[in-house]
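The values are calculated or read from the model by the stated rules, or taken from the named source; none is laboratory data. Quick caveat, the model's predicted, so the values are computed rather than measured. Glycine gets a Cβ as well: all are built from the backbone with ideal geometry, and neighbour counts include every protein chain shown.
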Amino acid sequence: MINVIDIVRCPECHATDFKIMEFQDASMNITNLLLFDKGDGIMLCSACKSWYPIKNGIPELLSKDLRNKENDDSFIKKYDNIINDEIKSAYLK
Ligand SMILES: [Zn+2]
């Protein structure tokens, strides 16, 4: 069986390696997408450091030109207290 996370590619650089962070608790956990239930989180491309929101367990893998800046801003603002510097610098770039 093919694991979905093995065929997902970064829309910006086509890399397949992501860090996945889950925001279900106040703490941030790196977890396996298969374990990801209905929470929010972030996928961070290990190669180009682009970040992608996960909303209600669904990753939004859109390239920069298809993304909505206001949606990104409100998503980041919602989790401002728990996202780490790696995510913040990816968000600001
Ligand atoms: Zn990338």
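Worth pointing out:
- Segment 43-71, subset assigned to a helix (DSSP H, G or I) and within 16 Å of the ligand (Cβ to nearest atom), residue surrounded by the fewest Cβ atoms within 10 Å (Cβ to Cβ): Asp65
- Extreme residue, nearest to Gly41 (Cα to Cα), among residues of segment 72-88 that are in a loop (DSSP other than H, G, I, E, B) and not β-branched (Val, Ile, Thr): Tyr79
- Picking from residues in segment 27-42 that are of a type in the set (Gly, Ala, Ser) and surrounded by 13 or more Cβ atoms within 10 Å (Cβ to Cβ), the one that is modelled with the lowest pLDDT is Gly39.
Every residue, every condition in (1) out of contact with any strand residue (DSSP E or B) (no Cβ under 9 Å at 6 or more places or on another chain); (2) modelled with pLDDT of 85 or more; (3) in a strand (DSSP E or B), yes or no:
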{"site": "Met1", "(1), (2), (3)": "yes, no, no"}
{"site": "Cys10", "(1), (2), (3)": "no, yes, no"}
{"site": "His14", "(1), (2), (3)": "yes, yes, no"}
{"site": "Asp25", "(1), (2), (3)": "yes, no, no"}
{"site": "Ala90", "(1), (2), (3)": "no, no, no"}
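- When each of Ser74, Ser50 is tested for being modelled with pLDDT of 85 or more, of a type in the set (Gly, Ala, Ser), within 13 Å of the chain's Cα centre (by Cα) and within 19 Å of Lys93 (Cβ to Cβ), the lone residue that passes is Ser50.
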